[in-house]
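What follows is a short report on a single structure.
The values are calculated or read from the model by the stated rules, or taken from the named source; none is laboratory data. Quick caveat: nothing in here was measured; it's all calculated off a predicted structure. Heads up, the Cβs are rebuilt from the backbone with ideal geometry, glycines too, and the neighbour counts pull from every protein chain shown.
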Amino acid sequence: MPPPDDRQPLRTTDLLVLAALNDGPQHGYALTQGVADLSRGAVRIRPGDLYRVLYRMDGAGLIEPLPDDARPEGDERRTYYRITPLGRRTARDQARMLADVCAAMLAPRKQGAR
Amino acid sequence: MKVRSAWDRWVGLCVRAYPPQFRRRFGSDLAAQYPRPARSALRAGLRVTVDLVRGGIGARIDDARNRPAERLDGLRTDAVHAVRSVRRRPLFAGMVVATLALAAGLNAAVFGILDTTLLRPLPYPADRDLVSIGNLWTGFTHASVSLPEYVDYSSRARSFASMAVYSNASINLAASGSAAERVQGTRATASFFDVLGVAPLLGRTFTADEDATGARVAVLSHAFWMRRYGGDPGIIGGTLETDGAAEEIVGVMPASFECPSALTDVWIPMNLVPGDAGGRGAHNRRVIARLAPGVSLHQAQDEMRRIASQLQQEYADHYPSGSGWGIEVVPLRERLVGDLRAPLQALMIAVAFVLLIACANVANLMVARTTERSREIATRTAFGASRGRLVRQTLFEGLLTGAGGGLAGLLLAAALFAALQPWLPQDLPRPANVLSDLRVIAFSILVTAGAGALTAALTAMRATRMPAVDALKGARATADAHRARALLTTAQVSLAVLLLVCAGFALRSFVRLLAIDPGLRTDHVATARITLSGARYPDAAARLAFFDRTQAALARQPGVLRAGAVSMLPLTGQTNDWTFGVEGYVPPVAGVPTTEQARVVHGDYFGLMGIQLRAGRLFAPSDHASAPRVVIVSELLARKYWRDGDAVGRRVRLWGLDSDEPWSTVVGVVADIRHITLEDAPVPFLYFPLAQWPSPNMTLVARLDPAHARGPQVIADAVRTVDIQHPT
């Protein structure tokens, strides 16, 4: 799969999933929870869609499944996913870009502007 | 090992909506997200299904979007492989193409006709609002309307935005410069063009004023304009020299405007003078109308029903209670294609069956082919070709042969369509060539490519399901294929039998039709319709003299055995009934006038048509205009009105017993003939001599000597010796 186009902004769900993985590897169910928490409940991903997103991002090299031996003790059955260095970089770039946008949106208006 | 519950199996099935690569990686994890719920498993199951199918389709779309190049590459390889495989076995491919071509050709031709007649809108704006209004009588539907009736309908009804009346008019063009020509005219009210909503190509149509004052203006059809004037745009304001008069050409209609029929050359005003609209009983006009905005057909029908009951009270003598009189409002399209609908649909079903049989045939060939190829398929499977890939390749082969069949079928369809043209009604607009109809082309390519691909894919799926080892050994394949072929053959035979039974029924009714003796001989008979112009032949004596001289000239022509004339040719579907009273006969329902079919005949009409004389005599020269009135009746009429059937010497009075007409004495009884159509049983008939009823509209008929080479041209030659300027 080709690497994601740098100029193409990530989709909201993709960014949220990357953000949820920022703190460490997670399994599918925890990811849906994490996305919901991060978005203050505004974005709820159904499992069917979550895995589609994971599949897409896995293909793009943004995330990867945790190797079997790296899974936490007592939870070997579930697959854990972690963010790849490319994923981290992409998410950061995106976040910075969004931060600029947000800053511009939230800054006090110039005089005369309506 | 843990037994999988039904829930788990269902979730597993739903997960299959995702692409295989996805499943290998996330399949079990995704399924684990949907544990069996404690309660309401049905609702949860439904949610899971929707969720997974949606996600699966999304994932597949993502896949396709991310790897278009790879996919296309695979497709190209498959296509190349399919072409090679088809070319390796040209005989097989040829058979498939020929089978499909035959079926596709039939289907495309019939669909083409169906499309142009039943599916396509009429070439008028908002054609769904167009209706045809006709009279209802016991035994007749949608009969013609008289002018006073039209005036009543149009002045009383509120359901219509506009209403128009029209009738056919034969127009003789004077022989100025070019040859004399008889053209088909339509006499119509100015509203005619408003109802249909078509603007003229050049100039204008008539105005309501011209309609009322009887102005001599004419609107030309596109075809006539091209034919007679070579499409000269300066023709507006020119004159159309008709016999004894000149009409100013005010407009030309576009080519698509063919109403009431494609044969119409000229439209002239109806000249509807209020208070002078002719008899209420003269039913010889057709009425069309456009529904007012927001008015449904049903509401219009209701209103016309109310108007009918008002009229029935006001004109009780015209619409006696036993006559079954009423007003009928039907969609114009229904009126145009009504009779064609059932046979066309039956034909479409029949050819669809032919297509099914062809598909079974092709599938059978394919099964034979896969058996032959099972080794190849197994080898390729062993080398790692996926099942989907193999099925796809076979699908390509099917598409290829199918499309080939479709193309060949189109050529066949074009030929068939041309051959079927004469059977289509003249008043329906249709393309001259089926290939000019994109929908037909799309239909036939789709049908054959689809049929080819479907049969190919089905057979390939069977073949690839077989374990490779068995296939390599050549085992089981045969048993499996045998079963499939037996099934296909059974399907094919049962379809064929069904079709044969239907064809048998159709053939039987056709043979029965052929076996019908119409009671007259139509072989070696030449005919020509004559409409004498009122200007050149103003009175009865002139008209009679013309027909007498023409008749004599015709009889003198070499190769003509007998000559005569009739007001309406038999077996043309035309009817014309006259009202009369029979001396000493009391009608079963008081007040209902007795009407029967009547024709005016001249010369040796009975003899040349082979209509047998049963009693009395035929018309003689002594039955001239000033002699006592005479009539000849058919056997059915004689038996219907005189209990002993002995009609000779009895008397009838035209237009009713209390009319001013003198009595007509029956001088002869002739055999019954099928006068209207071959299917319609003989009906009672009256025949009147032209000498006493000098009609300007007659059809000249001549029995030709088959040994003599000259054809129908003899009639034109004969007419020319009498009146060089008269068109035939």
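Points to keep in mind about this one:
- Meets criteria (closer than 16 Å to residue A:46 by Cα, within 11 Å of chain A (Cβ to nearest Cβ) and modelled with pLDDT under 85) for residue B:27: yes
Results for (1) acidic (Asp, Glu); (2) within 12 Å of chain A (Cβ to nearest Cβ); (3) assigned to a loop (DSSP other than H, G, I, E, B); (4) touching a residue at least 40 places away in the same chain (Cβ under 8 Å), shown as yes or no for each residue.
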position	(1), (2), (3), (4)
B:37	no, no, yes, no
B:50	no, yes, no, no
B:57	no, yes, no, yes
B:85	no, no, no, yes
B:91	no, no, no, no
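- Qualifying position, being at the interface with chain B (Cβ under 7 Å from one of its Cβ atoms) and more than 16 Å from residue B:35 (Cβ to Cβ), among A:41, A:59: A:59
- Test set (1) outside any helix (DSSP H, G or I); (2) at pLDDT 75 or above - residue B:121 fails condition number: (2)
One line per residue, one yes/no per condition, for (1) over 40 Å from the mean Cα position of the chain (by Cα); (2) surrounded by fewer than 18 Cβ atoms within 10 Å (Cβ to Cβ); (3) farther than 19 Å from residue B:596 by Cβ:
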| position | (1), (2), (3) |
| --- | --- |
| B:627 | yes, yes, yes |
| B:633 | no, no, no |
| B:638 | no, no, no |
| B:645 | yes, yes, no |
| B:650 | yes, no, no |
| B:697 | no, yes, yes |
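- Qualifying residues in the stretch A:7-59 (those that are basic (Lys, Arg) and either in contact with a strand residue (DSSP E or B) (Cβ under 7 Å, 6 or more places away or on another chain) or assigned to a helix (DSSP H, G or I) (or both)) - the one surrounded by the most Cβ atoms within 10 Å (Cβ to Cβ): A:52
- For the stretch B:599-626, filtering for residues that are among the hydrophobic types (A, V, I, L, M, F, W, C) and free of Cβ contacts under 8 Å to residues at least 60 places away in the same chain leaves 4.
- Selection within the stretch A:28-38 - of a type outside the set (Asp, Glu) and more than 8 Å from every other protein chain (Cβ to nearest Cβ): A:30, A:31, A:32, A:33, A:34, A:35, A:36, A:38
- Flag: residue B:614 matches the condition of being touching a strand residue (DSSP E or B) at 6+ places or on another chain (Cβ under 8 Å), surrounded by 15 or more Cβ atoms within 10 Å (Cβ to Cβ), of a type outside the set (A, V, I, L, M) and over 30 Å from residue B:316 (Cα atoms).
- Residues (under 16 Å from residue B:605 (Cα atoms), surrounded by fewer than 16 Cβ atoms within 10 Å (Cβ to Cβ) and in contact with an Asp or Glu (Cβ under 9 Å, 6 or more places away or on another chain)) located in the stretch B:544-560: B:549
- Among (1) of a type outside the set (A, V, I, L, M, F, W, C); (2) exposed (fewer than 12 other Cβ atoms within 10 Å of the Cβ); (3) at pLDDT below 75 - the single one residue B:462 does not satisfy: (2)
- So residue A:82, is it at pLDDT 85 or above, in a helix (DSSP H, G or I) and more than 10 Å from chain B (Cβ to nearest Cβ): no
- Strands (runs of 3 or more DSSP E) within the stretch B:199-261 that include 3 or more residues more than 26 Å from the chain's Cα centre (by Cα) and crowded, with 20+ Cβ neighbours inside 10 Å: B:217-220, B:245-252
- Subset tally (residues that are more than 8 Å from chain B (Cβ to nearest Cβ), crowded, with 16+ Cβ neighbours inside 10 Å and at pLDDT below 85) for the stretch A:62-79: 2
- Considered as a group, the residues in the stretch B:633-692 that are of a type in the set (S, T, N, Q) and outside any loop (DSSP other than H, G, I, E, B) include one that is farthest from residue B:620 (Cα to Cα), and that residue is B:634.
- Qualifying residues in the stretch B:584-604 (those that are modelled with pLDDT of 80 or more and over 33 Å from the mean Cα position of the chain (by Cα)) - the one surrounded by the most Cβ atoms within 10 Å (Cβ to Cβ): B:602
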